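These notes concern the structure reproduced below.
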Amino acid sequence: FVQAVLLKPLNSLIGERRVIIVAFLVGALHNYLYGVAKAKSTIFISAAIASLTGMSFPTISAIKSNNVEECEQGRIQGALYSLSSLASALGPMMLRYVYHKTKDGGGFGKGTMFIFGAGLYLIATVFAWLLPEEQANSQLRKGNAKKTQQFG
């Protein structure tokens, strides 16, 4: 639903860079709520907003493909999927390690691994915020291309 219905209008409204920032902030909130949940309702609310994080991967993919030449599309997509696979392998190992170190009351208790995950999302948010606006938003790139054609 999120990728099919919300992603395109949100990209048009706020731009790809901000969509990634929103997705990562929602991911941080989602994980934090999981980590501190004391009631089932908190888990349900967290699960409901978690789908918004699904906007990040296609948006990152679009930004990368918009910033490379046509002949490099395969390489950049391969690199992106390689990083995704690496994160899919390392993420669970890191969270498992955090869980085993904190399950007996260390840190914030059993929810510490989710709070750790929220921290990772916040770090990713900082990196998304640091993306150059003119390269991370296709609307700005199209606007600059039109200006170049008009004046060039």
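The values are calculated or read from the model by the stated rules, or taken from the named source; none is laboratory data. Since this is a predicted model, take the numbers as computed values, not measurements. Neighbour counts are summed over all protein chains in view; Cβ atoms, including those assigned to glycine, are modelled from backbone coordinates with ideal geometry. Keep in mind that these areas ignore ligands, DNA and RNA; they rest on the heavy atoms of the full protein, side chains included. Shrake-Rupley method; radii C 1.70, N 1.55, O 1.52, S 1.80 Å.
Listed here are the helices (runs of 4 or more DSSP H) enclosed by segment 1-87 that have at least 1 residues being at pLDDT below 95 and under 14 Å from N137 (Cα atoms): 7-14, 16-36, 56-66.
Every listed requirement among (1) over 19 Å from L120 (Cβ atoms); (2) open to solvent by less than 60 Å² (accessible area, probe 1.4 Å); (3) among the small types (G, A, S) is met by A89 save one, (1). Can you give me the number of residues within segment 120-143 that are in contact (Cβ under 8 Å) with a residue 12 or more places away in the chain, open to solvent by 30 Å² or more (accessible area, probe 1.4 Å) and not aliphatic (A, V, I, L, M)? Qualifying residue count, segment 120-143: 6.
If you go through segment 1-43 and keep only what is more than 22 Å from L122 (Cα to Cα), exposed (fewer than 15 other Cβ atoms within 10 Å of the Cβ) and among the hydrophobic types (A, V, I, L, M, F, W, C), you end up with F1, A4, V5, L13, A39.
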